[in-house]
Amino acid sequence: QKEVEQNSGPLSVPEGAIASLNCTYSDRGSQSFFWYRQYSGKSPELIMSIYSNGDKEDGRFTAQLNKASQYVSLLIRDSQPSDSATYLCAVKDNTDKLIFGTGTRLQVFP
Amino acid sequence: DAGVTQSPTHLIKTRGQHVTLRCSPISGHKSVSWYQQVLGQGPQFIFQYYEKEERGRGNFPDRFSARQFPNYSSELNVNALLLGDSALYLCASSINPTENYEQYFGPGTRLTVT
């Protein structure tokens, strides 16, 4: 069974710090990886996609992918209280459906 | 540009009843996927449609069915509702389900079964 694993948290970081969110996946054939942010009571919002090994930066967000280790991470620089949310890692399998982790709850305190 | 829209926003049904949820994709998107999200879990895949054809089905009972219309909108139907069907139902659209196309979610329909 294809799985995506995330630490449920909460991950607590002070305002201005770097938040590091991690995700591992079981299907070695996966090629597409996504990070979604979900505020309480809302639907998931796509914030990053990554398809190749290495880093991809977009503003304060950096996604990192290591296919050999089956590991994908999300770094949030200069964390703000508004970043407090659940971050969902999603992996597209070979049938093109997204498999989600359970999410990591991030808390940024002032 | 309008994003993915879903209706209704909230719904309360009784066990044994039937429900129909609706989704309109982003303009230009031809693929729609449905997910179920229960509290504390990530979304679970239910169905994927592309060009009105079913491309994938998740591990859900036959009480769940869906279809896609010529305008690419979609309906999710659930028969004989159970208490365990209470969840947030999410619709996501993408240009194309293959390759590196991203899926964008609608606001969801929160279904409560009593």
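The values are calculated or read from the model by the stated rules, or taken from the named source; none is laboratory data. Keep in mind that this is a model prediction, so the values were computed, not measured. Positions of Cβ are generated from backbone atoms using ideal geometry, with glycine treated the same way; all protein chains shown enter the neighbour counts. We work out accessible area using only protein heavy atoms, side chains counted, and drop any ligands, DNA or RNA first. Shrake-Rupley method; radii C 1.70, N 1.55, O 1.52, S 1.80 Å.
Each listed q (0.18 Å⁻¹) maps to a log10 I(q)/I(0) for chain B from the Debye sum over equal C-alpha point scatterers, namely -0.84.
Given a Förster distance of 30 Å, report the FRET efficiency between A:Gln107 and B:Leu83 from their Cβ-Cβ distance, rounded to the nearest 0.05. Result of the calculation: an efficiency of 0.45. Over region B:13-61, the pair-distance histogram of Cα-Cα distances with 5 Å bins from zero comes to 5, 16, 20, 26, 20, 9, 4, 0 percent, rounded to whole numbers. Across peptide B:84-96, the average count of Cβ atoms from other chains found within 10 Å of a residue's Cβ is 1. From zero up to wherever the largest Cα-Cα distance of region A:16-78 sits, split into 10 Å bins and tell me the percent of pairs in each. Whole-percent P(r) values from 0 Å outward: 21, 51, 25, 3. Relative to the globular-protein estimate of 2.2 N^0.38 Å, the Cα radius of gyration of the protein assembly as shown stands at 1.01. On association of chains B and A, roughly 1600 Å² of accessible area becomes buried (total for both chains; probe 1.4 Å).
Taken along its principal axes, the alpha carbon cloud of region B:69-114 reaches lengths of 40, 21, 16 Å, longest axis first. Cα extents for region A:49-100 along the principal axes, largest to smallest and rounded to whole angstrom: 37, 21, 17. FRET efficiency for the pair A:Ser20 and A:Thr95, taken as 1/(1 + (r/R0)^6) with r the Cβ-Cβ distance and R0 = 30 Å, rounds to 0.50. Each label was represented as a point 7 Å from its Cα along the Cα-to-Cβ direction; for B:Lys13 and A:Ala68 these points are 5.0 nm apart.
Using only alpha carbons, chain A has a radius of gyration to Kirkwood radius ratio (Rg to Rh) of 0.96. Under the simplified labelling scheme, the B:Arg110-A:Asp27 pair shows an inter-label distance of 3.1 nm, with each label point 7 Å from Cα along Cα→Cβ.
For chain B, the relative contact order works out to 37 percent when only alpha carbon pairs closer than 8 Å and six or more residues apart are counted.
Taking Lys and Arg as +1 and Asp and Glu as -1, the other residues whose beta-carbon sits under 13 Å from that of A:Gln38 total +1.
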